[in-house]
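To start, the structure under review is shown below, and the notes come after it.
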Amino acid sequence: MDLLRTRADLDSLEPRRRQDRPLVLVPTMGALHAGHLALVQRARELGDVVVSIFVNPTQFGPGEDFQSYPRDLERDLDLLRPLDVAAVFAPDVGDMYPREGGVTVEPGPAARGLCGADRPGHFRGVLTIVAKLFNLVRPDIAVFGRKDAQQCLVIAEMVRDLDLPVRVIDHPTVRESDGLAMSSRNAYLSTEARRRALGLSRSLQAARDALVGGERSVTVLRETIRAGLSSTDEVEYVELRTVNDLAVPTLAEGHLLLAVAARVEPARLIDNLVLNVDASGVRDAALLDDVEATR
Ligand code: AMP
């Protein structure tokens, strides 16, 4: 496993680009957990894997946790070594952003609402770093986690609209045994806060159960989720949207995203379910149909 610390080091990927196997990028901010590792394993099935580890300052707002975000490169490398990763790209901020105030990527409609409303500028920072990583690493495929559902949609929209030559795949959310979605930010939680954080996954599960029981009222389903979030400190949003255009449907049917964000001090946590709901029942679904720009 090669450790690449600068953009110049990426030249060492050149021989791999000339091989038949696809080059697959898994972008992360480090503090790796089993969710990240599942993405890496999926990527390994698809080709030669490059994992990027970079805590991207431009996607953090003022007062957010950029400074305190957990960083432990040695531990991350130890976790990746057994997974047959070709290279880890872990640049520093100065190498990725040599000057301030440069060109950024403006997100499209998928960034409106949900986290886009609560975190102004967040998706601009995400798209800017993802576009830079795509251009530097030049992967054939990139794997992202469904846990950050809106991020997947915003990135897929960029790939489609800017004709970027990469295929984007979303991987299912990996959860702890009690249902809590794995997140690097779970490290901020005390034992007591972790217990209260279960409200996110449990409330979504309650909505899923209601859907299985035949409930199709968007209002009732959102109230079901909201009631389940009473253990959290502050609910930022509870949304039931169509995946296709993030519209609020009249009835909870079709390809749906049920998404929540809440504060469980000192963390801001998100979780979601992606479901297909039709006359034959309720099934877990992928977010993206293999987004690939026409080359
Ligand atoms: P992060 O390091 O939090 O920026 O996440 C890096 C990638 O891992 C993103 O594509 C996330 O969506 C994904 N990810 C984070 N947590 C999980 C999880 N619990 N299950 C699946 N993917 C995840």
Legend entry - 222 nm mean residue ellipticity, helices alone, for the chain (DSSP H n ≥ 4; -39,500 (n - 2.57); rounded to 500): -10000 deg cm²/dmol
Legend entry - Cα-based shape type of region 30-183, given that a ≥ b ≥ c are square roots of the gyration tensor eigenvalues and the cut on a/c is 1.5: rounded
Inset, instruction - Round to a whole angstrom and tell me the spacing of the C-alpha centers of region 202-257 and region 136-156. - result: 24
Legend entry - Amide H contacts of residue 236 (H built 1.01 Å from N, under 5 Å, at least 5 apart or other chain): 261, 262, 263
Inset, instruction - Can you tell me the dipole magnitude for the chain around its Cα centre, using point charges on the Cβ only (Lys, Arg +1; Asp, Glu -1), in Debye to the nearest 20? - result: 60
Inset, instruction - Set the Förster distance to 41 Å, then compute FRET efficiency between residue 135 and residue 251 from the Cβ-Cβ distance, nearest 0.05. - result: 0.45
Legend entry - Simple label model, 7 Å out from Cα along Cβ direction - residue 279 to residue 190, nm: 5.4
Inset, instruction - Determine ³J(HN,Hα), in whole Hz, for all residues of region 237-252 in sequence, where each value follows from phi through the Karplus function 6.51 cos²θ - 1.76 cosθ + 1.60 and θ = phi - 60°; x replaces Gly and Pro. - result: 7, 10, 10, 10, 10, 7, 5, 3, 9, 6, 7, 7, x, 5, 10, 7
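For region 105-243, rounded, prolate or oblate, judged on the Cα gyration tensor with a ≥ b ≥ c (square roots of eigenvalues), a/c < 1.5 rounded, else prolate if a/b > b/c?
prolate
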Inset, instruction - Starting from the Cα of residue 263, step 7 Å along the direction of its Cβ; do the same at residue 103; then give the gap between the two resulting points in nm. - result: 3.8
Legend entry - region 190-295: C-alpha gyration tensor shape, a/c 1.5 cut-off, then a/b vs b/c: oblate
Inset, instruction - Tell me which residues come under 5 Å, amide H to amide H, from residue 167 once H is placed; ignore anything under 5 positions away on its chain. - result: 141, 142
Legend entry - Formal net charge of residues neighbouring residue 267 (Cβ-Cβ distance under 10 Å; K, R +1; D, E -1): +1
Legend entry - Simple spin-label estimate for residue 84 and residue 10 in nanometres, 7 Å along Cα-Cβ: 2.6
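How do 97-110, 43-56 rank on mean C-beta neighbours within 10 Å, highest first?
43-56, 97-110
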Legend entry - Derived scalar couplings ³J(HN,Hα) [region 218-223; Karplus, 6.51 cos²θ - 1.76 cosθ + 1.60; whole Hz; x for Gly, Pro]: 4, 4, 5, 5, 5, 5
Inset, instruction - Once you have the Kirkwood Rh of the chain from its Cα pairs, apply Stokes-Einstein at 20 °C and 1.002 mPa s and quote D in µm²/s. - result: 108
Inset, instruction - Give the relative contact order (percent, whole number) for the chain; include only Cα pairs under 8 Å separated by 6+ residues. - result: 17
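Every read-out reported here was derived from the displayed coordinates using simple, explicitly stated rules and does not represent laboratory data. Predicted model, so just to flag it, every value in this text is computed and none were measured. Quick reminder, even Gly has a Cβ in these numbers, built from the backbone with ideal geometry, and neighbours come from all protein chains shown.
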